[in-house]
Amino acid sequence: MHYTTPNNKVGSIFGTTQEELDAPAQGSDRIILVCVFMLMMFGAMAVYSSIAYFAQMHGTTAGSLVSGHIVKLGIAFIAMLFVSKINYNVLARFSRIALVFSWLLLIAVMIYGDMVFGARRSLSIAGFSFQPSAFATIALIIHVAVLLHEKQSYIKDFKRAFLPILVWVSITCFLIALEDFSSAALLMAICIFLMFVGRISVVQIFGLILIGLIGGSTLVMSSAERQSRVTQYITQISDINSENLESASGYQAQQAQIAIAKGQLIGVGIGKSTQRDFLPAPYNDFIFAIIAEEYGIFGAFALILVFVVILFRGIAVIARHAPDVLGTLMAVGATLMITLYGFVNAAVATGLFPVTGLPMPFISYGGTSMLFAGVMVGILLNISKYNRQIKNRFYIG
């Protein structure tokens with residue numbers, strides 16, 4: 001069943017003709033592929049520059065850690081290519097099962113999860129550690145897209161459309177928030193945007209935003225660590241002084257801003273960062289600060305520009321010309337997940353956002369987040385194969 005637009009076009013919310021739906025699949029989007037490859041290469045160099053001190057403190061070498069990072073990049077790239085070969089409609093069929101399974105994994109983390117920095121966020125199975133929250137994020141985004149697609153004929157109905165979606169979103173975000181509040185908040189924002197694109201009533205969306213704000217405030221007030229992050233952020237932007245910055249709560253922001261200031265326009269040079277020895281997790285949460293220090297404002301701007309290109313290409317091209325509502329919504333969700341994580345990571349390093357702990361896709365050191373970012377790009381590439389109205393020169397077979 002296809003959604004019919006006022007212009008008698010079927011498929012995409014933006015409008016796609018039946019003839020375009022029946023056309024054979026083409027190649028994947030070349031621009032997205034190039035952008036991801038650039039991020040991976042840039043990330044490998046940034047991790048090499050930022051992880052030396054960490055390696056020294058743990059009795060290993062930067063080279064060995066970077067080699068492991070490159071292997072993970074390779075796995076993510078293979079996963080991306082593999083998923084790009086699977087029709088997105090096939091993935092959508094398993095979204096409900098995948099989401100319920102992710103709930104079980106999230107509950108297992110609370111009981112058996114590895115304790116890292118005072119929080120349980122990962123599970124270790126047969127020597128491999130992974131974060132179920134990343135899997136739950138993908139499952140929820142796909143399932144919300146499926147639900148919105150299925151309910152287009154009565155999308156404004158509160159009981160039949162909005163309420164079922166609200167239940168899935170609320171349960172998933174709540175379980176994730178118990179382990180990682182920042183990821184849950186960003187996931188909620190993506191789901192709200194998907195509902196807007198999927199034509200859910202604006203009044204109902206505002207109601208969901210209100211529920212999210214109340215729930216988020218409750219979770220913040222229930223955790224001393226979250227309260228400290230918010231208080232430090234408010235103090236940082238409202239009363240800037242050396243005493244606040246030199247306190248334990250303001251140390252991370254201070255060191256990140258020093259790194260960015262040292263970089264100036266063109267940076268101190270590749271591998272010449274000094275703040276990597278002072279910044280907590282410079283290879284992950286604050287890797288953007290190290291990039292700004294070594295490559296300067298120009299290099300940091302170039303990195304952000306790559307994410308902007310992915311955002312534009314994913315929404316204005318792939319989602320806009322997707323063959324159906326499901327393709328449009330999945331493309332929007334995948335694009336937002338990839339780019340918003342990058343923007344938030346950069347915003348934290350520059351002091352625009354409080355500390356969140358969210359990685360920068362394909363740039364930060366890690367495994368689970370990188371793997372599932374590759375999966376989301378694979379979904380985006382698969383949808384692009386069925387795009388209509390776009391010249392073949394933008395695609396690669």
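Here are a few things to note about the model shown:
- Being crowded, with 20+ Cβ neighbours inside 10 Å and at pLDDT 70 or above holds for only one residue in Ala302, Ala256, and it is Ala256.
- The listed residues are Leu105, Leu81, Leu123, and the only one of them that is assigned to a strand (DSSP E or B), surrounded by 14 or more Cβ atoms within 10 Å (Cβ to Cβ) and either without any contact (Cβ under 8 Å) to a residue 12 or more places away in the chain or hydrophobic (A, V, I, L, M, F, W, C) (or both) turns out to be Leu123.
- So Ala62, is it among the hydrophobic types (A, V, I, L, M, F, W, C), within 19 Å of the chain's Cα centre (by Cα) and surrounded by 13 or more Cβ atoms within 10 Å (Cβ to Cβ): no
- Matching residues, the range 380-397, being at pLDDT below 85 and assigned to a helix (DSSP H, G or I): Asn392, Arg393, Phe394
- The range 190-218, residues that are in contact (Cβ under 8 Å) with a residue 24 or more places away in the chain, part of a helix (DSSP H, G or I) and under 17 Å from Leu148 (Cα atoms): Ile190, Cys191, Phe193, Leu194, Met195, Val197, Gln204, Leu208
- Residue ID - surrounded by the fewest Cβ atoms within 10 Å (Cβ to Cβ), chosen from residues in the range 274-295 that are modelled with pLDDT under 80 and over 22 Å from the mean Cα position of the chain (by Cα): Thr274
- Residue match in the range 226-244 (condition: modelled with pLDDT under 80, buried (at least 16 other Cβ atoms within 10 Å of the Cβ) and farther than 28 Å from Phe301 by Cα): yes
Residue-wise test of (1) in contact (Cβ under 8 Å) with a residue 60 or more places away in the chain; (2) in a helix (DSSP H, G or I); (3) under 23 Å from Val71 (Cα atoms).
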residue: Tyr341; (1), (2), (3): yes, yes, yes
residue: Leu352; (1), (2), (3): no, no, no
residue: Leu358; (1), (2), (3): yes, no, yes
residue: Phe362; (1), (2), (3): yes, no, yes
residue: Leu371; (1), (2), (3): yes, yes, yes
residue: Gly374; (1), (2), (3): yes, yes, yes
residue: Gly378; (1), (2), (3): yes, yes, yes
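The values are calculated or read from the model by the stated rules, or taken from the named source; none is laboratory data. Model, not experiment: these values are computed from the prediction. Note that we place each Cβ from the backbone using ideal geometry, even for glycine, and neighbour counts take in every protein chain shown.
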